[in-house]
Every structure is written in structure tokens, then in C-alpha cells.
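Worksheet for the structure shown next.
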Amino acid sequence: MKKWFGISLAAFLLLAGCSGTTEEKSEAGLKKVSIVLDWTPNTNHTGLYVARDQGYFEDEGLDVEIMLPGEAGADQLVASGKSEFGIGAQESLTEARAQDIPIVSIGAVIQHNTSGLASPVEKRIEKPRDFEGKTYGGWGAPVEQAVLTSLMEADEGDFAKVDVINMGDTDFFTAVQRDIDFAWIYYAWTGVEAELRGDDINMIYLTDYSDKLDYYTPVISTSEKMIEEDPDTVKAFMKAVSMGYQLAIDDPEAAAEVLIEAEPDLDEELVRKSQEWLATRYQDDAARWGEQKQEVWQNYMDWMLENKVLEKEIDVEKAFTNEFLPE
């Protein structure tokens, strides 16, 4: 499960005040740019590694560094100009824009939300009302309570009867053996790992109970400043990235090998199985990989407002764009 990288206006202003504007070139004359991941490398990111490995970035005149997030997450670094691109999610980008932080989603990595609440089958959690009397392990974000409350109300359950603890960086499998009953996971990684381990889990997807929770996660983001001042680089970057994800769609086995070679500490079997699971889900029913719909952004913002996760509306038309995706 990803961490929730919140971003405050004060933090943005502090980082922005330190950002540089000098364009760098590599020894080969390529323009140097970076993209910050949202978490440790995994199959959500494969298209980036393929684009680098297959020379797609180089063909577009780019030398791309793939960076891990530090204390400051991808949203902060993109907003402040410390990195040209980042991997984020619709929920955090919406919150950022509500604070007048000018970051924009330029591509949906996965077309539909594949996250949900997972639990070992022996916990007997088959529907949201079964959360009552159980312990949820989270990471301390306000959206978690809102999601749990929303799902439980749809199933006539009472969130007040759920114990909530912060499990920090503890992995799902350790936590459910130790002190929690269920947690929020992405099936493409943790769910597939459960399959490989032979651990039977129940999975309650967010989209099972609300269409408004079918938001884009993760997304590729950049800043309004980058779009205004260097749209050609944004277009070149997204052309290469689109080709990378297209290869992951068409040949998941080859794409998995690229990620394994680039990140040898990853579990090879998990990468291959996860890559296979995601291959049909990157683009899914969209006309092309990366495409986003205004109604998805509108619906999720409405949900955030209804559940008091968001204090004010954002202009959803400015929160995302498809203009840099190849035709």
C-alpha cells in the first residue's frame, strides 16, 4: 500500500523558493529530467523502466532519472520544480489543487481503481458491515476514515465500532498476523503476493460499493509551470512513457524482465505475476493508455466534498489533461 504524501501550501512555498531553473544536458546532448516515484519500484512503474531500457526516452531527446521519494513526496517535488514529473494519485492531487498548489495529472497509469480492503479469509470479513468489531491498520490519512465510513454506511454498518491503528511501514502479511484484521491494499501487488504465498484473502474493492471511488490511482503528474514553459518536453516524455506502457500491455513477460533487471531486489516471481495481472488493466476500456475523463475527476471530488475530506471545490478541468498523450 502506498503512503499518503500530503502537501501543504507552506511546504510548497518553502520548496519552491529553493527550486532551480537551469536546464541540464547530458554528455550525449539529451535533456535531463526526472520523475519521482510514489513508493518503492513496482509494476505500476514498469512503463517508465521500459521507456528507459528500450531507448524511447533517448529517441525523444531525453535523459530521464527515475527517483525514489524521500521525506518530501512526489507531489511536493513536482510542485516545487525539484522534479519535472512524478507518480501520484487523483486523491492527493485533488487535495493539492484545493490548496492552490499547481500540479496537473497528465496520464492515468491504470484506468480503474484496483485498491480495496483486504483480510485473511479466517477473519470472516466479506462485506463492509463485517468491519464492526475488527481492527483496521492504516497510515493515518483522513481519507481512510471517510472511505471506511462511506463503505460501511452503504452496507448499514457503523464505523464507530471499528478499531483503527497506524501500522506505519509494516507489510500487510506481518500486520495481519500481529495486530490487525484488515488493511487497504492494491491487488496488483499485495493481492498477487497473497496468491503466490498461498494465503487466501477476502477483497472488498472500493468500486464494489461506490462508482465515485473509481478514481485514477496512480497518475503521472507535472506542474502548470512545466506545461506553460516547456510543453514540448512534456509531450516528448509522455510519448516515450506511452510506448513503455504499451509494451507492458502487449508483452508483459518482456516488460517484467526489464523491471527485474533494473531492480534486482524485487521478488522475480511477484513481478512476473503482477505484470501479467496488470497487463489488461493499464488501458482497460479506455480508447488509449493514459486517457482520463472529466466525469471521473468530478465524481471523486464530489465524493471528497460530501465526506468532508475536501474543504472546497477545485476546477477539475484544470486538474488533468489528455493533450500530451499520443494520438
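The values are calculated or read from the model by the stated rules, or taken from the named source; none is laboratory data. Computed from a predicted model, the values in this text were never measured in an experiment. All Cβ positions, even for glycine, are placed from backbone atoms using ideal geometry, and neighbour counts span all protein chains on display.
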**Item:** Residue in the range 280-296 that is over 17 Å from the mean Cα position of the chain (by Cα) and under 30 Å from Pro142 (Cα atoms) present
**Value:** yes
**Asked** Only one of these conditions is not met by Gly133: (1) over 22 Å from Trp277 (Cβ atoms); (2) in a helix (DSSP H, G or I); (3) not hydrophobic (A, V, I, L, M, F, W, C). Which number is it?
**Response** (2)
**Complete:** Expected single match for of a type in the set (A, V, I, L, M), within 21 Å of Arg281 (Cα to Cα) and part of a strand (DSSP E or B) among Ile185, Ile165 is Ile185
**Message:** Scan the range 255-274 and tell me whether some residue there is without any contact (Cβ under 8 Å) to a residue 60 or more places away in the chain, in a helix (DSSP H, G or I), more than 28 Å from Lys225 (Cα to Cα) and not acidic (Asp, Glu).
**Reply:** yes
**Message:** Looking at the range 78-107 only, could you name the residues that are in a helix (DSSP H, G or I) and either in contact with a Gly (Cβ under 6 Å, 6 or more places away or on another chain) or within 12 Å of Ile35 (Cβ to Cβ) (or both)?
**Reply:** Val78
**Item:** Among (1) buried (at least 17 other Cβ atoms within 10 Å of the Cβ); (2) without any contact (Cβ under 8 Å) to a residue 40 or more places away in the chain; (3) of a type in the set (D, E, K, R) - the single one Lys239 does not satisfy
**Value:** (2)
**Request:** Pairs only if they're at least six apart or on different chains, beta carbon under 7 angstrom, first in the range 192-208 and closer than 13 Å to Ile125 by Cα, second of a type in the set (A, V, I, L, M, F, W, C) and part of a helix (DSSP H, G or I); list them, first residue then second.
**Result:** Asp200/Val121; Ile201/Val121; Ile201/Ala194; Asn202/Val121
**Request:** Could you run through the range 301-322 and say how many residues are under 24 Å from Ala154 (Cβ atoms) and not aliphatic (A, V, I, L, M)?
**Result:** 7
**Message:** Just checking, does the range 87-104 include any residue being at pLDDT 95 or above, in contact with a Phe, Trp or Tyr (Cβ under 7 Å, 6 or more places away or on another chain) and closer than 16 Å to Val241 by Cα?
**Reply:** no
**Request:** Just one of (1) in a strand (DSSP E or B); (2) under 29 Å from Phe324 (Cα atoms) trips up Thr233, so point out which.
**Result:** (1)
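Checking the conditions here, which among Ser242, Ser221 is polar (S, T, N, Q), closer than 19 Å to Val109 by Cα and in contact with a Pro (Cβ under 8 Å, 6 or more places away or on another chain)? Reasoning before the result, please.
Values: Ser221 fails: in contact with a Pro (Cβ under 8 Å, 6 or more places away or on another chain).
Ser242 is the lone residue from the list that is polar (S, T, N, Q), closer than 19 Å to Val109 by Cα and in contact with a Pro (Cβ under 8 Å, 6 or more places away or on another chain).
Looking at Asp130, Asp163, which one is surrounded by 18 or more Cβ atoms within 10 Å (Cβ to Cβ) and farther than 24 Å from Glu311 by Cα? Please lay out each step first, then the result.
Numbers: Asp163 fails: surrounded by 18 or more Cβ atoms within 10 Å (Cβ to Cβ).
Step by step, each of Asp130, Asp163 is checked, and only Asp130 is surrounded by 18 or more Cβ atoms within 10 Å (Cβ to Cβ) and farther than 24 Å from Glu311 by Cα.
Do we find a residue being acidic (Asp, Glu) and touching a His at 6+ places or on another chain (Cβ under 9 Å) anywhere in the range 213-233?
Of the range 213-233, the ones acidic (Asp, Glu) are 214, 224, 228-230, 232.
From what is left, the residues that are touching a His at 6+ places or on another chain (Cβ under 9 Å) are 214.
There is at least one residue in the range 213-233 that is acidic (Asp, Glu) and touching a His at 6+ places or on another chain (Cβ under 9 Å).
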**Request:** Filter the range 302-316 down to the residues that are in a helix (DSSP H, G or I) and either acidic (Asp, Glu) or out of contact with any helix residue (DSSP H, G or I) (no Cβ under 6 Å at 6 or more places or on another chain) (or both), then identify the one that is surrounded by the fewest Cβ atoms within 10 Å (Cβ to Cβ).
**Result:** Glu306
